[in-house]
There are 2 protein chains.
Amino acid sequence: MILLRNITLHDKPAHILVDGGRIAKISREHIDVPGAEIVDCSGKAVIPGFVNMHTHAAMVLLRGIHEDLSLYDWLNNIWKIEANLDGEFIYWATKVACLEMIRCGTTTFNDQYWYSPHARKAAIEMGIRPVVSFIFLDSHNPDLAARQREACERLYQRSLDWGEESQFAISIHSVYTVSEENILWASRFAREHSLKLHLHLGETELEDKDCRKAHGGLSPTAYFDSLGVLGPDVIAAHCLWLSDDDVRILGERKVNCVHNINSNLKLASGYRFKYNELRDAGANVCIGTDGAASSNNMDILDHMKNAAFLQKAWRGDPAQMPINELIDCATVHGARALGIDTGVIREGAWADLSLIDITGTAFLSPGSTAANLIYAANSEVISDVMAQGKWVMRGRKIPAEAEIIESARKVLSQI
Amino acid sequence: MILLRNITLHDKPAHILVDGGRIAKISREHIDVPGAEIVDCSGKAVIPGFVNMHTHAAMVLLRGIHEDLSLYDWLNNIWKIEANLDGEFIYWATKVACLEMIRCGTTTFNDQYWYSPHARKAAIEMGIRPVVSFIFLDSHNPDLAARQREACERLYQRSLDWGEESQFAISIHSVYTVSEENILWASRFAREHSLKLHLHLGETELEDKDCRKAHGGLSPTAYFDSLGVLGPDVIAAHCLWLSDDDVRILGERKVNCVHNINSNLKLASGYRFKYNELRDAGANVCIGTDGAASSNNMDILDHMKNAAFLQKAWRGDPAQMPINELIDCATVHGARALGIDTGVIREGAWADLSLIDITGTAFLSPGSTAANLIYAANSEVISDVMAQGKWVMRGRKIPAEAEIIESARKVLSQI
């Protein structure tokens with residue numbers, strides 16, 4: 001049991017008891033709990049752990065290898081490098097990504113990358129919760145498509161032994177990289193086994209144009225929908241190039257739409273994310289960092305800030321995307337999408353939380369802690385992170401950081 | 001004398017000798033200098049101190065007071081508060097701003113705010129170089145206009161005793177807040193005394209429209225130009241709403257145009273800054289953070305990153321605004337605008353520089369130190385800052401930080 005004493009919660013003092021990985025009690029009055037380890041949190045505020053809803057975590061070690069390219073050119077270069085990666089690389093690279101995610105207060109991430117058991121192992125050792133997936137990406141090659149179905153079955157069987165410290169999902173990379181046969185097979189497989197379905201959707205204008213050409217005028221959203229893919233179990237990354245009809249479909253199907261603003265800006269994919277329209281239509285909007293090879297970091301605070309900035313800017317209205325909605329997108333909306341009781345400071349929920357040092361200049365102003373955190377500060381003020389009731393960072397120190405960086409250098413030198 | 005040994009300069013090892021406030025020697029070979037204090041900089045890279053070319057530093061304590069408003073609504077609210085500020089407030093608030101600027105490696109800033117002698121004193125005590133100005137903002141009131149001219153004369157006289165640790169300039173707030181009489185008087189005064197002229201220009205579409213209505217179709221740029229204001233001694237903030245003709249004029253007059261992307265995004269003023277066009281026309285493009293009450297911080301790294309991201313995004317081309325040009329905008333371009341030998345690591349230049357801890361995850365990739373600093377890291381990796389040969393931050397600690405924050409709380413509670 002850990003008792004977080006004198007902590008600032010929603011801008012007022014509180015005391016939080018953590019027990020069995022969960023938030024056992026929240027009190028505005030002083031409490032004593034015999035046997036609890038007491039942590040004095042004076043000068044600290046608490047926020048829920050962030051849920052990063054779209055990552056390719058291990059790509060953090062491919063950062064900077066190709067800069068200043070558009071998505072398709074960038075992918076073609078990256079795929080050549082990826083052909084040489086192995087489980088060892090993924091394991092250490094995912095640990096590096098976890099270092100960056102923990103440092104910004106992320107305690108759950110929804111990953112899409114190769115060698116997912118290695119990624120899963122890395123994240124669990126770091127103490128945060130991974131959702132890892134089997135990725136369908138067959139480039140319309142029937143032999144490869146068949147092999148991927150078999151590999152998916154095998155990985156699913158293996159995942160049955162995995163506990164609640166992780167979640168297994170199915171990824172359909174995109175409309176342009178997966179055969180119709182496998183889109184159908186994978187989505188049926190996911191539904192049959194109650195697995196989340198993680199996919200890229202409407203990331204670029206070219207994807208939209210190509211899809212309409214290939215599929216009788218259907219947009220990626222309409223095409224996926226025509227195959228019965230879309231539903232509340234779908235986590236769709238990007239959702240940037242959407243027609244009004246696409247927005248309506250994503251809303252009606254209650255799809256979880258992940259906004260990845262920095263990747264969209266840096267690859268010049270676009271920036272007119274239809275946040276209001278998706279929200280109003282009934283979609284569940286979340287935030288993700290994408291892979292750090294395109295975005296160029298795993299710091300969700302950075303991406304949240306730009307999500308709000310760009311909503312204000314492209315709509316020409318400074319009142320757009322208020323801070324409370326922004327925080328929800330990066331916390332409870334992700335939790336809802338994954339069906340995990342996290343992203344909220346509430347009795348009974350997982351004790352996934354971050355302590356923020358509010359003694360610095362960014363918190364002098366009368367604005368809310370959340371607004372000052374997002375707009376004025378950066379992740380440096382996140383002093384401590386707890387995931388499932390265990391400290392994964394104390395005083396910005398993460399155990400094994402030096403060892404991870406050294407091993408990362410080693411695997412990086414081998415590709 | 002300080003010898004920075006084993007430091008990474010442009011991605012290769014070097015040794016830098018600092019003497020008399022300036023960079024005395026840069027050597028790729030090991031050097032010994034009798035009497036020099038030796039600082040081992042293994043694991044650190046050096047970059048020039050940043051030049052933040054448009055600030056209202058003391059507004060850092062007005063941050064969060066009014067959020068989510070457009071420029072004119074926001075200004076009307078802010079002006080009511082500003083009426084109650086005094087020199088004591090400005091002094092402590094500027095110290096807070098200096099804390100934030102030093103923490104991101106800024107060693108020179110071009111300020112525009114009230115009670116500038118107090119701002120100057122604060123900055124000099126913090127060890128960084130302020131350019132402070134007398135501000136003309138008469139709201140077209142002839143009495144006030146006359147009083148401002150007298151006050152300007154007095155402050156100028158006082159500034160004659162100021163040494164090279166600061167610079168005195170003249171500010172014309174904008175076309176919409178200053179009478180034509182004072183625009184003419186202030187620009188003549190500046191030229192007569194070889195002072196830089198700092199102004200707001202083309203920040204919003206409304207400013208452009210109103211100016212054209214009031215001045216026979218002339219844009220703010222054309223109107224200023226018709227009065228003979230524009231020249232290479234002018235530092236024009238924002239320069240966002242510009243016609244092709246405006247760009248041509250700013251280029252021909254060799255105006256220093258300061259891009260303030262985060263303020264423009266957050267206030268929803270716009271984002272289509274004509275970087276390429278201004279550069280190609282002959283203008284000198286610089287970077288500024290604006291005041292933290294609108295932007296919402298003084299961290300120039302944050303603003304540099306978004307300057308590049310938005311160039312890529314709005315033009316739909318990921319190769320736009322390459323990293324070397326971005327760095328130049330935030331260093332040597334500002335130095336050139338102010339006529340100060342800073343923003344560069346070169347023998348003879350001021351020893352204004354930052355050390356970056358390159359042992360963390362952001363620098364694992366093969367990308368350049370600069371690209372990793374801007375795109376992957378944040379200001380947390382800036383470990384030490386030297387201004388004019390003196391350390392102003394060591395190991396992210398700045399002397400007097402706690403005292404400044406306490407005093408800032410006090411003055412803040414009094415407004």
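The values are calculated or read from the model by the stated rules, or taken from the named source; none is laboratory data. The model shown is predicted, which means the values in this text are computed figures rather than measured ones. Using ideal geometry, Cβ is built from the backbone for each residue, glycine included, and neighbour counts are taken over all protein chains shown.
Against the condition more than 14 Å from every other protein chain (Cβ to nearest Cβ), modelled with pLDDT of 95 or more and closer than 20 Å to A:His303 by Cβ, how does A:Ile47 come out, does it pass? When the stated conditions are applied, A:Ile47 passes them. Scanning segment A:278-300 for residues that are surrounded by fewer than 24 Cβ atoms within 10 Å (Cβ to Cβ), in contact with a Leu (Cβ under 8 Å, 6 or more places away or on another chain) and of a type outside the set (Gly, Ala, Ser) yields a single hit, A:Leu278. Scanning segment A:105-119 for residues that are surrounded by 24 or more Cβ atoms within 10 Å (Cβ to Cβ) and either within 12 Å of chain B (Cβ to nearest Cβ) or without any contact (Cβ under 8 Å) to a residue 60 or more places away in the chain (or both) turns up A:Phe109, A:Asp111, A:Ser116. Among residues of segment B:322-348 that are within 17 Å of B:His54 (Cα to Cα) and crowded, with 24+ Cβ neighbours inside 10 Å, none has a Cβ under 9 angstrom from a residue that is modelled with pLDDT under 95 and of a type in the set (Asp, Glu) at a sequence gap of 6+ or on a separate chain.
Quick grid of which residues meet (1) in contact with a Gly (Cβ under 8 Å, 6 or more places away or on another chain); (2) assigned by TED's automatic domain parsing to the domain that holds A:Ile356; (3) not acidic (Asp, Glu):
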{"position": "A:Gly20", "(1), (2), (3)": "yes, yes, yes"}
{"position": "A:Glu37", "(1), (2), (3)": "no, yes, no"}
{"position": "A:Asp40", "(1), (2), (3)": "no, yes, no"}
{"position": "A:Ala57", "(1), (2), (3)": "yes, no, yes"}
{"position": "A:Leu71", "(1), (2), (3)": "no, no, yes"}
{"position": "A:Ile90", "(1), (2), (3)": "no, no, yes"}
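Residues in segment A:235-253 that are more than 18 Å from the chain's Cα centre (by Cα) and part of a loop (DSSP other than H, G, I, E, B): A:Trp241, A:Leu242, A:Ser243, A:Arg253. Considering only segment B:23-65, state which residues are touching a residue at least 24 places away in the same chain (Cβ under 8 Å), among the charged types (D, E, K, R) and over 26 Å from B:Ile323 (Cα atoms). Of everything in segment B:23-65, those that are touching a residue at least 24 places away in the same chain (Cβ under 8 Å), among the charged types (D, E, K, R) and over 26 Å from B:Ile323 (Cα atoms) turn out to be B:Lys25, B:Glu37, B:Asp40, B:Arg63. Scanning segment A:382-391 for any residue that is out of contact with any strand residue (DSSP E or B) (no Cβ under 6 Å at 6 or more places or on another chain) and more than 10 Å from chain B (Cβ to nearest Cβ) turns up at least one such residue. Considering only residues in segment B:360-377 that are among the hydroxyl-bearing types (Ser, Thr, Tyr) and more than 7 Å from chain A (Cβ to nearest Cβ), the one that is surrounded by the fewest Cβ atoms within 10 Å (Cβ to Cβ) turns out to be B:Ser368.
All told, B:Ser269 falls short of being buried (at least 24 other Cβ atoms within 10 Å of the Cβ), modelled with pLDDT under 95 and in contact with a Leu (Cβ under 9 Å, 6 or more places away or on another chain). Scanning segment B:298-314 for residues that are more than 7 Å from chain A (Cβ to nearest Cβ) and free of Cβ contacts under 8 Å to residues at least 40 places away in the same chain yields a single hit, B:Gln311.
Within segment A:241-274, being within 11 Å of chain B (Cβ to nearest Cβ) and of a type in the set (A, V, I, L, M, F, W, C) holds for A:Ile261, A:Leu265, A:Leu267, A:Ala268. Restricting to segment A:71-104, and then to whatever is under 30 Å from A:Leu355 (Cα atoms) and away from chain B (no Cβ under 14 Å), can you tell me which residue is surrounded by the most Cβ atoms within 10 Å (Cβ to Cβ)? Out of the qualifying residues, it is A:Ile90.
A quick yes/no check of all residues on (1) closer than 19 Å to A:Ile398 by Cβ; (2) among the hydroxyl-bearing types (Ser, Thr, Tyr):
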site	(1), (2)
A:Gly87	no, no
A:Gln112	no, no
A:Arg120	yes, no
A:Met126	yes, no
A:Ala169	no, no
A:Tyr176	no, yes
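In summary, A:Ala313 fulfils each of the numbered conditions (1) touching a Gly at 6+ places or on another chain (Cβ under 9 Å); (2) closer than 28 Å to A:Val96 by Cα; (3) crowded, with 24+ Cβ neighbours inside 10 Å with the single exception of condition (2).
When you go through B:Ala319, B:Ala335 one by one, which is the residue that is away from every other protein chain (no Cβ under 11 Å), of a type in the set (A, V, I, L, M) and out of contact with any Cys (no Cβ under 7 Å at 6 or more places or on another chain)? On inspection, the qualifying residue turns out to be B:Ala335.
The listed residues are A:Glu380, A:Glu325, A:Glu401, and the only one of them that is farther than 27 Å from B:His66 by Cβ and of a type in the set (D, E, K, R) turns out to be A:Glu401. Being in the same structural domain as A:Ala293 (by TED's automatic domain parsing) and either touching a His at 6+ places or on another chain (Cβ under 7 Å) or more than 30 Å from A:Asn262 (Cα to Cα) (or both) is a property that does not hold for A:Ile31. Applying a threshold of 7 Å to beta carbon distances and a minimum spacing of six or more residues, or different chains, the list of pairs starting in segment A:352-376 at a residue that is farther than 16 Å from A:Cys41 by Cβ and ending at one that is of a type in the set (Asp, Glu) reads A:Thr361/B:Glu100; A:Gly367/B:Glu67; A:Ser368/A:Asp11; A:Ala371/B:Glu67.
Taking residues in segment B:201-219 that are buried (at least 23 other Cβ atoms within 10 Å of the Cβ), and partners anywhere that are charged (D, E, K, R), the pairs with Cβ atoms closer than 6 Å and at least 6 places apart or on different chains are B:Ser219/B:Asp208; B:Ser219/B:Asp246.
The residues of segment B:286-297 that are at pLDDT 95 or above, more than 9 Å from every other protein chain (Cβ to nearest Cβ) and in contact with a helix residue (DSSP H, G or I) (Cβ under 7 Å, 6 or more places away or on another chain), listed by number, are B:Cys286, B:Ile287, B:Thr289, B:Asp290, B:Gly291.
Taking (1) over 18 Å from B:Ala362 (Cβ atoms); (2) under 24 Å from the mean Cα position of the chain (by Cα) in turn, A:Ile404 satisfies each apart from (1). Scanning segment A:127-150 for any residue that is within 14 Å of chain B (Cβ to nearest Cβ) and of a type outside the set (Ser, Thr, Tyr) turns up nothing. So, A:Asp68, is that one within 12 Å of another protein chain (Cβ to nearest Cβ), of a type in the set (D, E, K, R) and either under 18 Å from A:Ser354 (Cα atoms) or surrounded by fewer than 19 Cβ atoms within 10 Å (Cβ to Cβ) (or both) or not? Considered against the rule, which asks whether it is within 12 Å of another protein chain (Cβ to nearest Cβ), of a type in the set (D, E, K, R) and either under 18 Å from A:Ser354 (Cα atoms) or surrounded by fewer than 19 Cβ atoms within 10 Å (Cβ to Cβ) (or both), A:Asp68 comes out as no.
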